[in-house]
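First up is the structure itself, then whatever we jot down about it.
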Amino acid sequence: MAIRALQPKGFGRPLGMYSHGMEANGLVVVAGQVGIKPDGGMAGPDVQSQTRQVFENIATVVGAAGCTMRDVIRLQTFLVSADDIPGYMAARQEVFPRHFPSGVYPPNTLLVISRLVRPELRVEVEALAVRPTRKAAPGAARQRPKPSRRPARRR
(Lines give C-alpha, C1' and ligand atoms only; values in the text may rest on other atoms or scores of the structure.)
Protein backbone atom coordinates (compact mmCIF):
# COMPACT_ATOMS: atom_id res chain seq x y z
CA MET A 1 0.00 0.00 0.00
CA ALA A 2 1.46 3.36 -1.05
CA ILE A 3 0.94 6.17 1.47
CA ARG A 4 2.11 9.74 0.97
CA ALA A 5 1.75 12.99 2.86
CA LEU A 6 0.33 15.94 0.93
CA GLN A 7 2.10 19.29 1.26
CA PRO A 8 0.80 21.59 -1.50
CA LYS A 9 3.34 23.96 -3.04
CA GLY A 10 3.14 27.46 -1.59
CA PHE A 11 0.95 26.23 1.25
CA GLY A 12 1.85 27.08 4.83
CA ARG A 13 2.94 24.44 7.27
CA PRO A 14 0.24 22.87 9.44
CA LEU A 15 -0.48 24.51 12.80
CA GLY A 16 0.74 21.40 14.64
CA MET A 17 2.27 17.96 14.26
CA TYR A 18 0.17 16.64 11.37
CA SER A 19 0.00 16.68 7.58
CA HIS A 20 -2.48 18.74 5.60
CA GLY A 21 -3.50 15.53 3.90
CA MET A 22 -2.61 11.92 3.26
CA GLU A 23 -3.22 9.83 0.18
CA ALA A 24 -3.31 6.04 0.31
CA ASN A 25 -4.33 3.93 -2.68
CA GLY A 26 -6.59 6.64 -4.06
CA LEU A 27 -8.21 7.62 -0.77
CA VAL A 28 -7.43 11.23 0.18
CA VAL A 29 -7.91 12.39 3.76
CA VAL A 30 -7.74 16.15 4.31
CA ALA A 31 -6.96 17.39 7.81
CA GLY A 32 -9.28 20.03 9.20
CA GLN A 33 -8.68 23.22 7.23
CA VAL A 34 -9.19 26.65 8.77
CA GLY A 35 -9.48 30.21 7.51
CA ILE A 36 -5.75 30.81 7.19
CA LYS A 37 -4.37 31.85 3.81
CA PRO A 38 -1.32 30.12 2.27
CA ASP A 39 0.86 33.05 3.42
CA GLY A 40 -0.16 32.40 7.04
CA GLY A 41 -2.49 35.38 7.43
CA MET A 42 -6.11 35.15 8.54
CA ALA A 43 -8.72 35.33 5.79
CA GLY A 44 -10.76 37.60 8.05
CA PRO A 45 -12.36 37.72 11.49
CA ASP A 46 -15.81 36.50 10.39
CA VAL A 47 -17.09 33.01 9.61
CA GLN A 48 -17.94 33.87 5.99
CA SER A 49 -14.44 34.96 4.98
CA GLN A 50 -12.92 32.05 6.89
CA THR A 51 -15.33 29.56 5.29
CA ARG A 52 -14.46 30.78 1.79
CA GLN A 53 -10.76 30.30 2.61
CA VAL A 54 -11.39 26.87 4.14
CA PHE A 55 -12.85 25.59 0.87
CA GLU A 56 -9.98 27.09 -1.14
CA ASN A 57 -7.57 25.30 1.21
CA ILE A 58 -9.42 22.00 0.81
CA ALA A 59 -9.34 22.40 -2.99
CA THR A 60 -5.58 23.00 -2.82
CA VAL A 61 -4.93 19.92 -0.68
CA VAL A 62 -7.07 17.58 -2.78
CA GLY A 63 -5.44 19.09 -5.86
CA ALA A 64 -2.04 18.00 -4.53
CA ALA A 65 -3.38 14.42 -4.70
CA GLY A 66 -4.57 14.79 -8.30
CA CYS A 67 -8.20 15.39 -7.31
CA THR A 68 -10.73 18.17 -7.69
CA MET A 69 -13.50 19.15 -5.30
CA ARG A 70 -15.84 16.95 -7.37
CA ASP A 71 -13.89 13.98 -5.97
CA VAL A 72 -14.77 14.93 -2.38
CA ILE A 73 -17.15 12.36 -0.90
CA ARG A 74 -17.50 13.64 2.67
CA LEU A 75 -17.16 16.85 4.69
CA GLN A 76 -17.20 17.39 8.43
CA THR A 77 -17.61 20.93 9.71
CA PHE A 78 -16.85 22.38 13.12
CA LEU A 79 -18.20 25.82 14.12
CA VAL A 80 -17.41 27.54 17.41
CA SER A 81 -20.87 29.12 17.69
CA ALA A 82 -24.38 28.25 16.54
CA ASP A 83 -24.69 31.95 15.70
CA ASP A 84 -22.19 31.31 12.86
CA ILE A 85 -24.43 28.79 11.06
CA PRO A 86 -26.16 31.40 8.81
CA GLY A 87 -22.80 32.93 7.78
CA TYR A 88 -21.33 29.51 7.12
CA MET A 89 -24.32 28.54 4.98
CA ALA A 90 -24.14 31.83 3.05
CA ALA A 91 -20.46 31.26 2.26
CA ARG A 92 -21.19 27.71 1.10
CA GLN A 93 -23.94 28.99 -1.21
CA GLU A 94 -21.35 31.35 -2.66
CA VAL A 95 -18.52 28.85 -3.26
CA PHE A 96 -20.25 25.52 -3.84
CA PRO A 97 -21.55 26.26 -7.37
CA ARG A 98 -17.94 26.80 -8.49
CA HIS A 99 -16.57 23.73 -6.71
CA PHE A 100 -19.56 21.44 -7.40
CA PRO A 101 -21.03 22.68 -10.71
CA SER A 102 -23.28 19.62 -11.07
CA GLY A 103 -25.18 20.65 -7.93
CA VAL A 104 -24.35 17.33 -6.29
CA TYR A 105 -22.78 18.07 -2.91
CA PRO A 106 -20.93 15.68 -0.62
CA PRO A 107 -22.48 14.61 2.67
CA ASN A 108 -21.64 17.00 5.49
CA THR A 109 -21.83 16.73 9.26
CA LEU A 110 -21.92 20.06 11.09
CA LEU A 111 -20.92 20.20 14.75
CA VAL A 112 -20.90 23.18 17.11
CA ILE A 113 -17.95 22.96 19.50
CA SER A 114 -16.53 25.12 22.28
CA ARG A 115 -13.42 26.35 20.40
CA LEU A 116 -10.69 25.58 17.90
CA VAL A 117 -6.91 25.49 18.39
CA ARG A 118 -6.65 29.30 18.01
CA PRO A 119 -9.39 31.49 19.51
CA GLU A 120 -9.77 33.70 16.40
CA LEU A 121 -10.74 30.71 14.26
CA ARG A 122 -14.49 30.35 13.65
CA VAL A 123 -14.69 27.27 11.38
CA GLU A 124 -12.77 24.11 10.52
CA VAL A 125 -13.69 21.57 7.83
CA GLU A 126 -12.30 18.08 7.20
CA ALA A 127 -12.69 16.35 3.84
CA LEU A 128 -12.45 12.89 2.36
CA ALA A 129 -11.93 12.39 -1.37
CA VAL A 130 -11.32 9.53 -3.77
CA ARG A 131 -8.77 10.02 -6.52
CA PRO A 132 -10.36 9.16 -9.86
CA THR A 133 -8.97 6.19 -11.73
CA ARG A 134 -7.16 7.14 -14.88
CA LYS A 135 -8.80 6.01 -18.09
CA ALA A 136 -6.59 4.07 -20.46
CA ALA A 137 -5.60 5.78 -23.67
CA PRO A 138 -7.62 4.74 -26.73
CA GLY A 139 -6.31 1.49 -28.13
CA ALA A 140 -4.56 0.68 -24.86
CA ALA A 141 -7.14 -1.83 -23.72
CA ARG A 142 -5.66 -4.96 -22.28
CA GLN A 143 -5.42 -7.69 -24.82
CA ARG A 144 -6.06 -11.28 -23.88
CA PRO A 145 -2.97 -13.34 -24.39
CA LYS A 146 -3.13 -15.35 -27.57
CA PRO A 147 -3.24 -19.09 -26.99
CA SER A 148 0.07 -20.80 -27.51
CA ARG A 149 0.34 -22.94 -30.64
CA ARG A 150 2.61 -25.37 -28.84
CA PRO A 151 0.99 -28.21 -26.97
CA ALA A 152 1.33 -28.00 -23.24
CA ARG A 153 4.16 -30.03 -21.75
CA ARG A 154 3.21 -32.93 -19.59
CA ARG A 155 5.24 -33.70 -16.52
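For the reader, a short list of remarks on this structure follows.
- Every condition in (1) buried (at least 16 other Cβ atoms within 10 Å of the Cβ); (2) touching a helix residue (DSSP H, G or I) at 6+ places or on another chain (Cβ under 8 Å); (3) under 17 Å from VAL80 (Cβ atoms) is met by VAL54 except one, and the failing one is (2).
- Residue in the stretch 73-87 that is hydroxyl-bearing (Ser, Thr, Tyr), surrounded by 13 or more Cβ atoms within 10 Å (Cβ to Cβ) and within 18 Å of the chain's Cα centre (by Cα) present: yes
- Within the stretch 104-155, the residues that satisfy the criterion of being of a type in the set (A, V, I, L, M, F, W, C), over 18 Å from the mean Cα position of the chain (by Cα) and modelled with pLDDT of 55 or more are LEU111, VAL112, ILE113, LEU116, VAL117, LEU121.
- From the options ALA43, ALA65, ALA31, residue that is crowded, with 17+ Cβ neighbours inside 10 Å, touching a helix residue (DSSP H, G or I) at 6+ places or on another chain (Cβ under 7 Å), of a type outside the set (Ser, Thr, Tyr) and under 21 Å from PRO8 (Cβ atoms): ALA43
The values are calculated or read from the model by the stated rules, or taken from the named source; none is laboratory data. Small disclaimer: the values here were computed from a predicted structure and weren't measured. Cβ atoms come from the backbone with ideal geometry, glycine included; neighbour counts cover every protein chain shown.
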